[in-house]
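Q: Got a structure for you, questions after.
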Amino acid sequence: MNTSPERTPLVELREISKRFGGTQALNEVSLSVSSGEIHAFVGENGAGKSTLGKVIAGIYAADWGELLVEGAPVERWNPGIAQRRGIAMIAQELALVPDLSVAQNVFLGTEQHRLGWERRNLAERFAALETEIRFGLDPHARVRDLRIADQQKVEIMRALARDARVIVMDEPTSSLTAKEMEQLEALMRTLRDRGCCVIYVSHFLDSVLNVSDRITIMRDGRRIDTVDAAAVTKQDVVTAMLGRSLGQAYPERPAPIDTAVPPVLVANGIATDTGVADMSFVVRPGEVVGLLGLVGSGRSECARAIFGVDRLRAGTVEIAGNQVLKHSPRASIERGFVLVSEDRHRDGLVLQRSVRENISLSSLRSVSASGVVRLRKERADAESLARALEMRPPNIELPVSWFSGGNQQKALLAKALATNPRVIVLDEPTRGVDVGAKRTIYELIARLAEQGIGILLISSEHEEIMELAHRAYLVSDGKTMGEIIPADTTVDDVLFQLFHVPSEEESAA
Ligand SMILES: Nc1ncnc2c1ncn2[C@@H]1O[C@H](COP(=O)(O)OP(=O)(O)OP(=O)(O)O)[C@@H](O)[C@H]1O
Ligand SMILES: [Mg+2]
């Protein structure tokens, strides 16, 4: 808990409302955030958390209501003015310049950058920032070449470089490792103790409860409540978010499969230039197979290579008994193999196009008759997928950019399912998805497996694999190291024995 008695309101919202077309994203939200606090926003996908953050950071103008900064009402409000008033936002959709270096991105648009300070100076400033937060990024690396977790770190450094007093972090931890998440939590506490206000938007409720001082719960664009984090349980928060209690987090364990059936996917000796050294695994029809490993262990890289996005340096891939000779996403999809990528914007969705168009982009074959897209079938298929995934708003004609982060994730899943796959690789399928919608996705995975579809599941939430998979491979340093049956072991055993995660004393030694 924060012991500092000195809390002055930095930003105050009075009856803020914001509408997008037919959606009331914010409905008369009143709220005040203070110096020296970590203030979490939680709520279901589409509840209005990101919109609220964007109003505070000047990215969106409210339709109605009043915004006060340090007690005084603001007349004009945009990102530039907000930045000068010490307010920064780390957006859910990363907004970096891919072709610039890490350091250039960090200082882009700051005073130093505009005055054209020398390169040396940039390096010095970067080093100063780095001593404080120790992310270990190479300042000269091109942002384009970084994995998402590292891009997220660049965004965080960018906000710090602006000396912000109010920092809105929208899902900053969604692709960080457990260790990086701890570092970030420590950083939030440091910022708070220095008198900043950190607004922390996250679906990781354990982390929210662990690090926040106060929690604001949003539902359907309204502020339902603001509570002291110390005074509530996770169950209380979930119930307030959903407006109902959520029973079990996971569905029943999957029924055993027939192991005599030949595999639908075989990967043998996979190696890539992106960090995969030697990975081999099989997936049988109806089997959920996990890849257990830490972020950076090569799981996603392997998935991208076998699907045909990145080059395969060595190894073979077989789908339903046939070796794949030409690797490309299109060829994979034609064979009934599809990947749901962890990076929904880079590999997944065209934001300006409607959900329906996105869903049918990779499945044109199945909806076209003699080369003509049969619109009606396309719409019906897309609609039933969107309904199965409980997308909100339930209108597939809206552009993807109109949907909240978690609902975009659902659109990505729908797009993959529309290809009628026999085997599907799910890379972080529940990233940014709320607790209720997670449950929907878990049930969907179980149902797909029951229908005989093979599923390769990659997730940094190891519990998901432990609860959903029939079998899992352990991945470390780009290699598959062994196999486990999740039903017979625990996450801790997996992490401690097989990866040999050093204990506190060991790492201190
Ligand atoms: N730019 C936009 N254009 C149209 N509608 C939008 C836009 N941004 C958000 N919305 C809508 O406003 C509502 C609130 O969205 P918001 O992104 O704030 O939700 P969220 O709480 O951040 O959800 P998530 O947890 O999925 O990120 C949703 O119904 C969403 O579809
Ligand atoms: Mg959001």
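Q: Among the candidates 7, 14, single out the residue that is assigned to a loop (DSSP other than H, G, I, E, B) and either closer than 30 Å to residue 231 by Cα or open to solvent by less than 10 Å² (accessible area, probe 1.4 Å) (or both).
A: Just a single option satisfies the conditions, and that option is 7.
Q: Additional query: Select the strands (runs of 3 or more DSSP E) contained entirely in the range 155-259, then report the ones holding at least 1 residues which are within 20 Å of the chain's Cα centre (by Cα).
A: 166-170, 197-201, 214-219
Q: For residue 63, indicate whether it is at pLDDT 95 or above and open to solvent by 50 Å² or more (accessible area, probe 1.4 Å).
A: Spelling it out, residue 63 is indeed at pLDDT 95 or above and open to solvent by 50 Å² or more (accessible area, probe 1.4 Å).
Q: May I ask you to list pairs of residues, at least six apart or on different chains, whose Cβ atoms are under 7 Å apart, with the first in the range 22-49 being open to solvent by 20 Å² or more (accessible area, probe 1.4 Å) and of a type outside the set (Ser, Thr, Tyr) and the second being within 9 Å of ligand 1 (Cβ to nearest atom) and modelled with pLDDT of 95 or more?
A: That search, which allows pairs on different chains as well, returns 24/221; 27/221.
Q: Test residue 145 against the criterion of being within 16 Å of ligand 1 (Cβ to nearest atom) and at pLDDT 85 or above, and give yes or no.
A: No, not satisfied.
Q: Test residue 266 against the criterion of being surrounded by 14 or more Cβ atoms within 10 Å (Cβ to Cβ), among the β-branched types (Val, Ile, Thr), more than 16 Å from ligand 2 (Cβ to nearest atom) and in the same structural domain as residue 170 (by TED's automatic domain parsing), and give yes or no.
A: Answer is no for this residue.
Q: Another one. Sort out which residues of the range 281-299 are closer than 21 Å to residue 331 by Cβ and open to solvent by 10 Å² or more (accessible area, probe 1.4 Å), and write them in order of number.
A: From the range 281-299, those closer than 21 Å to residue 331 by Cβ are 281-283, 285; that's our starting set.
282, 285 - these are the residues of the range 281-299 that are closer than 21 Å to residue 331 by Cβ and open to solvent by 10 Å² or more (accessible area, probe 1.4 Å).
Q: Still on this model: Please go through the range 32-56 and give me each residue that is among the β-branched types (Val, Ile, Thr), part of a strand (DSSP E or B) and over 19 Å from residue 173 (Cα atoms), ordered by number.
A: Filtering the range 32-56 for residues among the β-branched types (Val, Ile, Thr) gives 33, 38, 42, 51, 55-56.
Then keep just the ones that are part of a strand (DSSP E or B); that gives 33, 38, 42.
Scanning the range 32-56 gives a single hit, 33.
Q: Against the condition away from ligand 1 (no atom under 13 Å from the Cβ) and in a helix (DSSP H, G or I), how does residue 80 come out, does it pass?
A: For residue 80, the condition - away from ligand 1 (no atom under 13 Å from the Cβ) and in a helix (DSSP H, G or I) - is met.
Q: Further, regarding this structure: Can you tell me which residue is farthest from ligand 2 (Cβ to nearest atom) among those in the range 213-238 that are open to solvent by 10 Å² or more (accessible area, probe 1.4 Å) and of a type in the set (Ser, Thr, Tyr)?
A: Filtering the range 213-238 for residues that are open to solvent by 10 Å² or more (accessible area, probe 1.4 Å) and of a type in the set (Ser, Thr, Tyr), the one farthest from ligand 2 (Cβ to nearest atom) comes out as 233.
Q: Okay, next question. If the Cβ limit is 7 Å and pairs must be 6+ apart or interchain, which residue in the range 402-424 that is closer than 26 Å to residue 50 by Cα and assigned to a loop (DSSP other than H, G, I, E, B) pairs with which residue that is open to solvent by 20 Å² or more (accessible area, probe 1.4 Å) and among the small types (Gly, Ala, Ser)?
A: 404/46; 404/50
Conditions (1) within 16 Å of ligand 2 (Cβ to nearest atom); (2) farther than 28 Å from residue 171 by Cβ; (3) under 21 Å from the mean Cα position of the chain (by Cα); (4) modelled with pLDDT of 75 or more, marked per residue:
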{"site": "358", "(1), (2), (3), (4)": "no, no, yes, yes"}
{"site": "366", "(1), (2), (3), (4)": "no, yes, no, no"}
{"site": "370", "(1), (2), (3), (4)": "no, yes, no, no"}
{"site": "378", "(1), (2), (3), (4)": "no, yes, no, no"}
{"site": "393", "(1), (2), (3), (4)": "yes, no, yes, yes"}
{"site": "396", "(1), (2), (3), (4)": "no, no, no, yes"}
{"site": "404", "(1), (2), (3), (4)": "yes, no, yes, yes"}
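Q: Sort out which residues of the range 129-161 are farther than 19 Å from residue 188 by Cβ and open to solvent by 60 Å² or more (accessible area, probe 1.4 Å), and write them in order of number.
A: Within the range 129-161, 138, 140, 142, 144, 145, 147 meet the criteria.
Q: Still on this structure: Among (1) away from ligand 1 (no atom under 15 Å from the Cβ); (2) open to solvent by less than 10 Å² (accessible area, probe 1.4 Å); (3) within 15 Å of residue 249 (Cβ to Cβ), there is one condition residue 434 misses while meeting the rest; what is its number?
A: (1)
Q: Of everything in the range 239-263, what is in contact (Cβ under 8 Å) with a residue 40 or more places away in the chain, in contact with a strand residue (DSSP E or B) (Cβ under 7 Å, 6 or more places away or on another chain) and open to solvent by 30 Å² or more (accessible area, probe 1.4 Å)? Give them in sequence order.
A: Passing the criteria: 254, 263.
Q: Could you check residue 52 against (1) surrounded by fewer than 23 Cβ atoms within 10 Å (Cβ to Cβ); (2) within 13 Å of ligand 1 (Cβ to nearest atom) and say which number it fails?
A: The number of the failed condition is (1).
The values are calculated or read from the model by the stated rules, or taken from the named source; none is laboratory data. Here the structure is a predicted model, which means the values were calculated and not measured. Heads up, the Cβs are rebuilt from the backbone with ideal geometry, glycines too, and the neighbour counts pull from every protein chain shown. For the accessible areas, the whole protein counts, side chains as well, though only heavy atoms, and no ligand, DNA or RNA atoms are used. Shrake-Rupley method; radii C 1.70, N 1.55, O 1.52, S 1.80 Å.
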